[in-house]
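The values are calculated or read from the model by the stated rules, or taken from the named source; none is laboratory data. Computed from a predicted model, the values in this text were never measured in an experiment. With ideal geometry, Cβ positions are generated from the backbone for all residues, glycine too; neighbour counts draw on all protein chains shown.
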Amino acid sequence: ATGSVHQSSVAENAYTAAYLFGIGAGSLPAGPLSETLGWNPTYLASTFCCLLFVLGSALTRSFTGQVVCQFFVGLCSSATLAVNGASVRDQFRPVKRAFVFPVVAWANVSAPVIAPICGGWIVSNPALTWRWTEWITLTILAAAFLVALLFLSETYLPILLDWEASHLRKTTGDNRYTSEHAHAEPFFRRMQKTVPPPAIWWGTEPVVAVLGADLVLLYSLLFLFLSGLDYIFKKAYNLSPGQTGSCFGAIAAGSTAFLVVAPGLYGWARSHTEHVRGRRLAPEFRLWPAIVTAPLLPVALLWLGWGNRPDVSLWYSLGACFVFGVVLIAVYVSSYEYIIDSYGDHAAVALASVMMVRYLVAGGVVMAARPMYEKLGVNWTMTLLGCAAAVLAPAPVLFWIYGPKLRKRSPYAHGPEDDPEEIQSRTTGVYSVVVKNAIVCRPSIYMSVA
């Protein structure tokens, strides 16, 4: 793309960085918007807008226009990334979620490494131009939009209770039927309360800060890989663009390997649930994949950094990428599920906090990627990142030990040891509402008089 508009390699990274900055910026309004309108309108509206900007990126002839379109593509696509974890939580109990969420996580983490495979062979084909990457993206996105439009059901419980209250008002003629969501704060008021928390939570919520830092590092590494294709594989092994992109299939293969074995590894989780032993599943149980795989991250980075030489087999470097793929999805799944289980109804804000910082930092890393490779080389760049990974490797173990104490200190986090009434008292005034002289539809007590 940059070749056709005569831009430098560093400017090429601005194309990717704009997309990542867009995702980071869009994660803030996604939560309040989805809580106001529901999951489905948020998914559909944002995906439709994303379609328009992908089309604009395919048609524009200027590099500036492409960068602007990519920013808005990221901005619009961020809603799906920010909300899909909450959608999974709505639909599945904790045990089933242990089997389902890895599939969602696989789609989230594998897409950025599968895309270079397709893109590399497209640009290698003399009969095609790079714009075909945009047209193919547009086709896939349009198909996903149509499937969602026709078959995706609303699962956000407050919206469902809104609908139920409306149905009861119509069928009974009693206008007292209402829901708490109908009396919640409007979107812009929620935005005023939602914009500050991501920054505040990184300073006051250790769960968000430490697990978020782990994910920030992983995504920084991922996009450092993608931005350093020429340095990691193309120059070392004299590969074509298609072959270079295909090397990143090793990361996708590692993620897929975890996805395949996850159901068997999670099977014994049934013995730890309330359905079998009369107690809830502790959030710390979600951490064991990260505990096992986190020490492998610095190993994979040093392996790739110092084994990436022309006199060493390409398969040696691909093995390091495979291990990185396993670690990537294992830590992603563990961190997200731990946050979802710990924060419950506040998980959307916690995940938005992590997502915002993760993509903003990744965008900055992309801009710095080529200068890092040029100044430090692959060896020392990977060594520097491996040292950072080694510092964060004990984080899952520390949360396994101290997680219950940390949650007790948070007004939002909770666990199986917490009393539901105590949780409600700690968060009173944030989401609760009292409607006098009304029949309020609620999920626990389906209809109660307030």
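For segment 185-199, state whether one or more residues are touching a helix residue (DSSP H, G or I) at 6+ places or on another chain (Cβ under 8 Å) and modelled with pLDDT of 70 or more.
No: segment 185-199 contains no residue that is touching a helix residue (DSSP H, G or I) at 6+ places or on another chain (Cβ under 8 Å) and modelled with pLDDT of 70 or more.
Select the helices (runs of 4 or more DSSP H) contained entirely in segment 58-173, then report the ones holding at least 3 residues which are touching a Leu at 6+ places or on another chain (Cβ under 6 Å), buried (at least 18 other Cβ atoms within 10 Å of the Cβ) and touching a residue at least 12 places away in the same chain (Cβ under 8 Å).
By residue number, 94-124.
Working only within segment 222-231, note down all residues that are closer than 16 Å to residue 303 by Cβ and modelled with pLDDT of 80 or more.
The one that is closer than 16 Å to residue 303 by Cβ and modelled with pLDDT of 80 or more: 224.
Residue-wise test of (1) more than 17 Å from residue 249 (Cβ to Cβ); (2) aliphatic (A, V, I, L, M); (3) without any contact (Cβ under 8 Å) to a residue 60 or more places away in the chain.
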residue: 314; (1), (2), (3): no, yes, no
residue: 323; (1), (2), (3): no, yes, no
residue: 329; (1), (2), (3): no, yes, no
residue: 335; (1), (2), (3): yes, no, no
residue: 354; (1), (2), (3): yes, yes, no
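Within segment 87-103, take every residue that is within 12 Å of residue 262 (Cβ to Cβ) and among the β-branched types (Val, Ile, Thr) and give me the one that is nearest to the chain's Cα centre (by Cα).
Result: 103.
What helices (runs of 4 or more DSSP H) completely inside segment 232-318 contain at least 2 residues that are under 22 Å from residue 106 (Cα atoms), at pLDDT 85 or above and aliphatic (A, V, I, L, M)?
In segment 232-318, 249-266, 288-293, 296-307 are the helices (runs of 4 or more DSSP H) which contain 2 or more residues that are under 22 Å from residue 106 (Cα atoms), at pLDDT 85 or above and aliphatic (A, V, I, L, M).
Looking at (1) among the hydroxyl-bearing types (Ser, Thr, Tyr); (2) in a helix (DSSP H, G or I); (3) more than 26 Å from residue 304 (Cβ to Cβ), find the lone condition where residue 412 falls short.
(2)
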